[in-house]
Amino acid sequence: MTEVVAGYEICPSYASVFGYLGASGCMILSSWGSAWGTWRAGLGVCQMGVDHPKGVIKNIVPIVMAGVLGIYGLIVSVIITQAVSSPGQDGYNTYSLYNGYTHLAAGLCCGLSCLAAGGTIGLIGDAGVRGFGLKAERGRKWFWNEGEGEDDGGAEFGGARAVEDANKLYVGMLIMLIFSEALALYGLIVALILSQHNYTCG
């Protein structure tokens, strides 16, 4: 006959699998989003730096914001990992399925939010910094000779007026980046709330 153990359906030995899946999934997805955003925004900064090298440091903001996403995932992963309890002295599991499902949900919430935010930051950063460089140099390319392509009545390439026009685009890009970063912050907040729910066996 099969032995029936009281409470086994609530606290099985495999319950910790869901907790560790939540921790690892959160770290993997958030790092993926961070790498995605850094990659796309970094390509834009490198392209822009060829024509407008003065704006490289100023336009490093999308890369910094994408890098923060990995920190969100690290925070939630550490919290989940520390909450996964080991079996007691009697050999019975103290980590419940309730905790496992909660921690899995928390990890997916934060990880997928960071992944979505990373893609958004990368695309906005790529297009934004390229546009900033074009605006600041008024379309001038690095391989052009001095004065080539200038109109008689136009503003000077890279002049004060051109940079002022580019700064207007820069402010708009920053606002879009802030709201993109907020997507990951929402996921972090919900994940932290989910990780506080707890049911201990025994």
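The values are calculated or read from the model by the stated rules, or taken from the named source; none is laboratory data. Remember, predicted model here, so these are calculated numbers, not experimental data. All accessible areas refer to the heavy atoms of the entire protein, side chains included, with ligands and DNA or RNA removed. Shrake-Rupley method; radii C 1.70, N 1.55, O 1.52, S 1.80 Å.
For the pair GLN82 and LYS54 in one chain, pulling the backbone fully straight at 0.36 nm per residue adds 5.5 nm over the alpha carbon distance. For ILE57, the solvent-accessible surface computed with a 1.4 Å probe is close to 140 Å², ligands and nucleic acids excluded. Available extension along the chain between LEU74 and LEU174 is 33.5 nm, counting 0.36 nm per residue and deducting the alpha carbon span.
Rolling a 1.4 Å probe over the protein chains gives SER96 an accessible area of about 0 Å².
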